[in-house]
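The values are calculated or read from the model by the stated rules, or taken from the named source; none is laboratory data. Predicted model, so just to flag it, every value in this text is computed and none were measured. Quick reminder, even Gly has a Cβ in these numbers, built from the backbone with ideal geometry, and neighbours come from all protein chains shown.
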Amino acid sequence: MVAPTLVITPAFAVPIGETRLADCERLNKELESLFLARENDEFRNPTPSHLPQQELFESRFNLFSWPEACVRELRTVMLNTVAQVVRHVSSTPPEQLAALTIHNHTWFHITRYGGSFVSHNHPLASWSAVYCVRAGEPVADQPLSGLLRFFDPRTGANAYRDAANADLESTYAVGVRNFRLTAGQIIVFPSYVYHEVAPFYGADTRITVATNCWFR
Amino acid sequence: MQPGTGNLTPIFAMPFASLQLPGADQLNPQLQSLLAGRANAEHASASLAQSPLLFQSRDDLFDWPEPPVQQLRAQLLRAIATVVASCNDYTEQQFGELGMHSRAHFTRVLPDGFMPTTSYSQAPWCAVYCVTAPELSGARPLNGVLQLYETRLANALIDASNWRLKQPFEMAHHIWRPTPGYVAIFPAFLPHQVTFVQGRGSLLLVITRARFTSPGQTDLPPW
């Protein structure tokens, strides 16, 4: 008797790409200096999609049109990373993908003590990415401080739990995925996925760049 | 709806209820005194999030014999039953024959604290009762509110025709401001959080999970 072959497929998987830019100290220092200098009304997003907080500065969405060298450098890194993720997960032939133009909305956040960003996703984009310029100081007794949290789109899949589904391996696990960003880290994810930034408890600043991309 | 004839129906509606419990003015100070004295390691939950600014108790609160807890238990279960009955097709007699089971814990959020996003397994209904609310301060929007998350993904394609949908069709988070004596009741699978509290005093909540059994049903999953 031949045992049947068992195939298990992650049928509804959500691709989240993660990488870290090497030797990013100089770049991050230049970006931080630039962003802090422009943390003012001239560069503030005039039409935020969510209720603004004093503790979180959100720039206009045209960051990648800035001419500064550090911004141009980051633009190349982030958009290339997004494209790399797309190449990995798309069955569209590489030559067709290479012919596409990546459009983007890109902005920076500066978060101070108590700042957070409510759960949201990004309509009218296919891929989003976050780059960490400065993680902000860790706070020992606030383990969730400043975490980037992705919400499982299979809402309610954990409504019934027993010993056979409570500890599924990572590929199949149901629940929130937390990322504690470090300087130079890039996270790429589908724009439809809801995510939030938990309140930041550091005494310094947490600085990130976010981009939404669509392809034509 | 014009022109022509037809129906406009919210086909996948989500129930959410906000009710005021009677006698809360007398009950809440007793609860506050009792719960504040037990926000300690002995009564802390091992599975729910904790921090110096967030305490969450074990879910055996309704097993406590103290009269204020038992009074709250009776009122909360009555409120939940009323809402659940309103959402169902049972007759009054049929609904009265159902069994009701619950677990409850209390959550205390101090100033600058928050309760991270969560949802609950093993029960279809959740009730969040407010014992005390802080005196809010600052300009922060959504200060110390219960925020229930929109989870539908269809907003990925948004245009001028669907970004301002009105209730009950709107795709947006739902906000409920905890007010002493009031309880919010909603499906337990819905992700929700208590946002960062800016103010003075603590936000003290009793959070209940509830489920029902048919007559004679005994095969309930463990909590």
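Worth pointing out:
- Taking the numbered list (1) more than 7 Å from every other protein chain (Cβ to nearest Cβ); (2) touching a strand residue (DSSP E or B) at 6+ places or on another chain (Cβ under 8 Å); (3) closer than 30 Å to A:Asn212 by Cα; (4) of a type outside the set (Ser, Thr, Tyr) in turn, B:Ala154 passes all entries but (2).
- Only one entry in A:Trp214, A:Trp127 is modelled with pLDDT of 95 or more, in contact with a Cys (Cβ under 9 Å, 6 or more places away or on another chain), of a type in the set (Phe, Trp, Tyr) and within 19 Å of B:Ala154 (Cβ to Cβ), namely A:Trp127.
- Filter result for A:Leu97 (over 24 Å from A:Phe200 (Cβ atoms) and either modelled with pLDDT under 95 or more than 14 Å from every other protein chain (Cβ to nearest Cβ) (or both)): yes
- Filter pass, A:Glu39 being under 30 Å from B:Pro141 (Cα atoms), part of a loop (DSSP other than H, G, I, E, B), away from chain B (no Cβ under 14 Å) and at pLDDT 95 or above: yes
- Scanning the stretch A:138-190 for residues that are surrounded by fewer than 16 Cβ atoms within 10 Å (Cβ to Cβ), of a type in the set (Phe, Trp, Tyr) and without any contact (Cβ under 8 Å) to a residue 60 or more places away in the chain yields one hit, A:Tyr160.
- Residue within the stretch A:109-117 that is modelled with pLDDT of 95 or more and either among the hydrophobic types (A, V, I, L, M, F, W, C) or closer than 17 Å to A:Ala13 by Cα (or both) present: yes
- Residue among B:Ser119, B:Ser102 that is modelled with pLDDT of 95 or more, within 14 Å of chain A (Cβ to nearest Cβ) and surrounded by 15 or more Cβ atoms within 10 Å (Cβ to Cβ): B:Ser119
- Enumeration of residues in the stretch A:138-148 that are over 21 Å from A:His50 (Cα atoms), more than 9 Å from chain B (Cβ to nearest Cβ) and either part of a strand (DSSP E or B) or not β-branched (Val, Ile, Thr) (or both): A:Pro138, A:Ala140
- Extreme residue, surrounded by the fewest Cβ atoms within 10 Å (Cβ to Cβ), among residues of the stretch B:133-145 that are more than 13 Å from chain A (Cβ to nearest Cβ) and either modelled with pLDDT under 90 or not in a loop (DSSP other than H, G, I, E, B) (or both): B:Glu135
- Residue match in the stretch A:82-96 (condition: in contact with a strand residue (DSSP E or B) (Cβ under 7 Å, 6 or more places away or on another chain), in a loop (DSSP other than H, G, I, E, B) and under 20 Å from A:Asn212 (Cα atoms)): no
- Checking each residue in the stretch A:175-199 for being outside any strand (DSSP E or B), more than 10 Å from chain B (Cβ to nearest Cβ) and out of contact with any Leu (no Cβ under 7 Å at 6 or more places or on another chain) picks out A:Thr182, A:Ala183.
- Subset tally (residues that are more than 14 Å from chain B (Cβ to nearest Cβ), in a strand (DSSP E or B) and hydroxyl-bearing (Ser, Thr, Tyr)) for the stretch A:100-114: 1
- Only one of the numbered conditions (1) away from chain A (no Cβ under 14 Å); (2) farther than 16 Å from B:Val206 by Cβ; (3) among the hydrophobic types (A, V, I, L, M, F, W, C) is not met by B:Ile80, and that is (2).
- Looking across A:Glu95, A:Glu58, one residue alone is charged (D, E, K, R) and in contact with a His (Cβ under 7 Å, 6 or more places away or on another chain). It is A:Glu58.
- Residue that is surrounded by the fewest Cβ atoms within 10 Å (Cβ to Cβ) [pool: residues in the stretch A:42-57 that are in contact with a strand residue (DSSP E or B) (Cβ under 9 Å, 6 or more places away or on another chain) and within 14 Å of chain B (Cβ to nearest Cβ)]: A:Leu51
- Among the residues of the stretch A:115-137, the one identified as surrounded by fewer than 20 Cβ atoms within 10 Å (Cβ to Cβ) and away from every other protein chain (no Cβ under 11 Å) is A:Glu137.
- Residue in the stretch B:158-178 that is at pLDDT 95 or above, more than 12 Å from chain A (Cβ to nearest Cβ) and either more than 19 Å from B:Pro15 (Cα to Cα) or not in a strand (DSSP E or B) (or both) present: yes
- Taking (1) under 27 Å from A:Pro52 (Cβ atoms); (2) in contact (Cβ under 8 Å) with a residue 60 or more places away in the chain; (3) more than 8 Å from chain A (Cβ to nearest Cβ); (4) not in a strand (DSSP E or B) in turn, B:Ala184 satisfies each apart from (4).
- Residue list for the stretch B:194-221, filter: farther than 19 Å from B:Ile175 by Cβ and over 21 Å from the mean Cα position of the chain (by Cα): B:Arg200, B:Ser214, B:Pro215, B:Gly216, B:Gln217, B:Thr218, B:Asp219, B:Leu220, B:Pro221
- Residues that are out of contact with any helix residue (DSSP H, G or I) (no Cβ under 7 Å at 6 or more places or on another chain), within 15 Å of B:Arg103 (Cα to Cα) and either part of a strand (DSSP E or B) or not aliphatic (A, V, I, L, M) (or both) within the stretch B:45-82 comprise B:Ser45, B:Ser47, B:Gln56, B:Asp59, B:Asp60, B:Asp63, B:Trp64, B:Pro65, B:Gln70, B:Gln75, B:Arg78, listed in sequence order.
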